[in-house]
Each structure stands twice: as structure tokens, then as C-alpha cells.
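In what follows, a structure is listed as C-alpha cells, so that the remarks can point back to it.
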Amino acid sequence: MLKLFYAPGSCALASHIALEEAGAAYEAVRMDLAAGDQRAADYLRINPKGRVPALVTERGILTETPAILAWVAQSFPDARLAPTDPFEFARAQAFNSYLCSTVHVAHAHGGRGTRWADDPVAIADMKRKVPETMAACFDLIEREMFEGPWVLGESYSICDPYLFTVSRWLDRDGVDIARFPNVADHRTRMAERPAVAKVLAVQHPA
């Protein structure tokens, strides 16, 4: 059985939703990042990066959200979570790569500035910049990258749980999602999907 290591509030939510949408048999293992679970020796043997998500498969361990999402889509083709046309699949990968390499990094400057600087003034400046940089990222998504009604158009895909995950960070980043009507509508519709509701109930029990 697949085993997904996740932490509430992290980007692992996207992989968790994708596994549920795919109808995969999996075990979800909750990590407490504040308690340092990601730095425990047992977990570092699974993922030496000390991050989530990590997905244990019968062929080995996968890390990095775009890679896990692509693997889920290709391993469960009946779920139709990604385009089969090579160019369209590359477009999906481009969108998810943007979320991973640019949007996530902009968000991380708010709470993890020590990854890039030691000077408290520099760290504070990075944190101050987050609302501006996150708004710029989502302005680009809203204007140029989101096709509607789903990210890639008419068909739901692995891009949708990832956008949903990252858009949930806007509130704590000081950005009003109402500035981006397409993204706001997408987040509402995503929350109504049964697989998403199930995963949220697991990650954030009442």
C-alpha cells in the first residue's frame, strides 16, 4: 500500500487530494513539523530533505509535489487526472512547476526567511515583501494561466488540487483572494468536491 507523509497546512495537501481523487489505496501519515518530526532520524531515512510530502511506493520513494502529482496521474489513468497528449501534459507540468518553484518560494519567505539569510533585518524585509510577491504571482495566474472552469480548461486535473492548496495560503500571507475572482471561485468549487472534503476532514478534524 502507498504511504503518504504529510503535515496539515503544507503543500502535501495537493498530493493527498490527488490520491483520494484517483481512488488509490494509501495510508496517510501525519507529521508534526512544529515538533520536528521531519528532522527525526527515521523520517530522514525516508526523505533526507526533511520536508513533506514523501510518498512511499513499491518501487521507491518519491518527493516533490509536481513529481508525486504526475506519478499519481500516470499510475491511475482511469481517474483522468492529467492530459494524455504530450504537449498538454507539459503545460500541466509547467503550471505545477510554477507553483513549486516560484509561488511556494514567495510564500516561504514569510515564515522561513532563515533559509536565505541570517540578518534579522533581511529576514524582516523578506517577510514584509510577501503580500506583494504573492499578489503578483496570483495576478499572473488569474490573468494568464488559469483557463477555467478548471486550471487547464474543461477537465479537472492534478493542477487543481495544487492551486487549491497554494491559494489557501493567501489569507495568512495578507492577500485578499477576492482580488482574483477566478481563483476564488476555483477554491470554493474545490472545497465542494467529495474527495477534497474528505481529505480536509482528515487533515483538519473538527
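A short reminder: the numbers here are calculations on the coordinates, not readings from a lab. Everything numeric in this text was worked out from a predicted model, so none of it was measured. All Cβ positions, even for glycine, are placed from backbone atoms using ideal geometry, and neighbour counts span all protein chains on display.
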- Query: Within the group GLU21, GLU64, GLU88, which residue is in contact (Cβ under 8 Å) with a residue 40 or more places away in the chain, within 29 Å of CYS137 (Cβ to Cβ), surrounded by fewer than 22 Cβ atoms within 10 Å (Cβ to Cβ) and acidic (Asp, Glu)?
  - Reply: GLU88
- With (1) crowded, with 18+ Cβ neighbours inside 10 Å; (2) touching a Pro at 6+ places or on another chain (Cβ under 8 Å) as the list, and PHE95 as the residue in question, which single condition is left unmet? (2)
- For region 36-58, does any single residue satisfy the condition of being within 23 Å of SER157 (Cβ to Cβ) and touching a residue at least 60 places away in the same chain (Cβ under 8 Å)? no
- Note on the structure: Of the residues in region 4-49, those that are under 17 Å from VAL202 (Cα atoms) and over 17 Å from the mean Cα position of the chain (by Cα) come to GLY23, ALA24, ALA25, TYR26, GLU27, ASP32
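If a residue must be free of Cβ contacts under 8 Å to residues at least 12 places away in the same chain and either in contact with a strand residue (DSSP E or B) (Cβ under 8 Å, 6 or more places away or on another chain) or not acidic (Asp, Glu) (or both), how many such residues does region 112-135 contain?
Residues of region 112-135 that are free of Cβ contacts under 8 Å to residues at least 12 places away in the same chain, as a first pass: 112, 114-125, 128, 132.
Those still in the list that are either in contact with a strand residue (DSSP E or B) (Cβ under 8 Å, 6 or more places away or on another chain) or not acidic (Asp, Glu) (or both) too: 112, 114-117, 120-124, 128.
Number satisfying all stated conditions: 11.
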- Message: Against the definition (free of Cβ contacts under 8 Å to residues at least 60 places away in the same chain, within 26 Å of VAL199 (Cα to Cα) and part of a helix (DSSP H, G or I)), how does GLU142 come out, yes or no?
- Response: yes
